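All remarks here apply to the structure that follows.
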Amino acid sequence: MPATALELSTLGHRIRHQRLAHGYTLDELGALVGVAGSQLSLIENGKREPKLSLLQAIASSTGVEVADLLSAEPPNRRAALEIELERAQSSSVFRQLGIAPVKVTKGMSDDTIESILGLHRELQRREKEAIATPEEARRANTELRLKMRERDNYLPDIEKLAEKQLKAAGHTTGALTHRTVSIMAEKLGFELIYVNDLPHSTRSVTDLEHGRIYLPPASIPGGHGLRSMALQAMAHRLLGHERPTDYADFLQQRLEINYYAACCLMPETASVAFLQQAKKDRNLAVEDFRDAFGVTHEAAGMRLTNLATHHLGIKLHFLRVDGSGAISRVYENDDLPLPMDVTGAVDGQIACRKFSARAAFSEQNRTTEHYQYTDTPAGTYWCSTQTGTTSAGEFSITVGVPFDDARWFRGRETQKRASSTCPDESCCRRAAPDVLDRWSGKAWPSARVHMQMFSPLPRGTFPGVDDNEVYDFLDRHA
């Protein structure tokens, strides 16, 4: 197997150490082993891999064993410093800086190399600190979810800010129009521009110098409409966001801009009036709430979580589940027993097969909501589920409440009922005994691994954004 650059460098240092210890010049040792001094210099500098016969000759001429020359340990402190510096200057972190590497000379002191290495070590430390590990990301997401649970998912300051901005733009009632969103942007000193060449890693780009917000010409599949994307971009400015300091800060900012956009699309005053009347009529329905404000079913379901507990006294849960059963978005303050990992994270976990969120995928008619009661170890819950499809596959949106609060919702008369004993594995994660006996040891499934297990987490100036691509984009449009 060919030696690595680091192994060749260490080998070269050990050969040089033995040569100098015996007082040989390159040409003198070269004459003893039968090669030119220039060839020996390439080997000592780690540029060429010597043949075994040459190594044996060098070892014989310097009175050591071949194994001594092949040792992975640097021969002295100076060699260790030079090898570490070589390794540091070949790292991707350093090469991304575009700075020429320092060439070590004989006259360079050990202290100088130590100082340069200190800078490299700090660079590596900061790089590691800036990148959240998947576990850190899950912990940050879990902490944010629990914090919002304590607040009943309600942020009054952002509610008031949104109503103020809507009033200033002249919006009073009905669905928020694209024209009104443009007026809101103009009052902040921005123009909305729709382009086809947005960087692939962004939903929008805000040009602070020229007062422009660049948006795609069409909505992003999955519910990110143009109005919402424009409002989110404005929210960064209104909420005084700075560059995220860590992954938790990034998540907090994302939550706040989404919350602001939802408040604008479904203003608190009008939404609460609508919901209170529907509750009075015992006819609460996500689909009616959705249609009244011209938003997606997911947006309406999430907005209900902002307002139902604070204004209606109803605790509830929200789930977005993909076709494989993985939970991709979640909120609950009604104690629904949810699957979670050791960090307390729910996102990415598999929902119970008995839950309405998954049972709805088997429904023949998916144009209307699927209603179901589910008995769980924590009590009985009533749920309303709507399914949908994107280019990434199918998904379901579920809003549910404890049994006693089902009386306020349309669909409470449903006769569909299921029983879930999760997290007991016998509920839906373990095969029936006869099936287990039939196939145990006779089948080998190949697991389908979620790509997020391998994907690097956000890095760079703004998490998740390719900075160079953004700057190139701005240069084209400036």
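The values are calculated or read from the model by the stated rules, or taken from the named source; none is laboratory data. No experiment lies behind these values; they were computed from the predicted model shown. Backbone-built Cβ (ideal geometry, glycine too); neighbour counts: all protein chains shown. Accessible surface is based on the protein model in full, side chains and every heavy atom, while ligands, DNA and RNA are left aside. Shrake-Rupley method; radii C 1.70, N 1.55, O 1.52, S 1.80 Å.
Structural remarks
- T385 more than 18 Å from C428 (Cα to Cα) and open to solvent by 50 Å² or more (accessible area, probe 1.4 Å): no
- Odd one out for R358, checked against (1) free of Cβ contacts under 8 Å to residues at least 40 places away in the same chain; (2) open to solvent by 70 Å² or more (accessible area, probe 1.4 Å); (3) farther than 26 Å from L275 by Cβ: (2)
- Residue within the range 367-378 that is assigned to a strand (DSSP E or B) and of a type in the set (G, A, S) present: no
- Considering the range 296-345, the residues that are part of a loop (DSSP other than H, G, I, E, B), polar (S, T, N, Q) and in contact with a strand residue (DSSP E or B) (Cβ under 8 Å, 6 or more places away or on another chain) include one that is surrounded by the fewest Cβ atoms within 10 Å (Cβ to Cβ), namely S324.
- Some residue of the range 457-469 being of a type in the set (A, V, I, L, M), in contact with a helix residue (DSSP H, G or I) (Cβ under 7 Å, 6 or more places away or on another chain), modelled with pLDDT under 95 and within 28 Å of S204 (Cβ to Cβ): yes
- Count - residues of the range 172-182 that are surrounded by 12 or more Cβ atoms within 10 Å (Cβ to Cβ), assigned to a loop (DSSP other than H, G, I, E, B) and without any contact (Cβ under 8 Å) to a residue 60 or more places away in the chain: 1
- In the range 409-427, the condition of being touching an Asp or Glu at 6+ places or on another chain (Cβ under 7 Å) and under 26 Å from A137 (Cβ atoms) is met by no residue.
- Looking only at the range 137-158, residues that are of a type in the set (V, I, T) and either modelled with pLDDT under 95 or under 18 Å from L312 (Cβ atoms) (or both) come to 1 in all.
- Within the range 406-439, the set of residues being under 30 Å from V286 (Cα atoms) and of a type in the set (V, I, T) comprises T414, T421.
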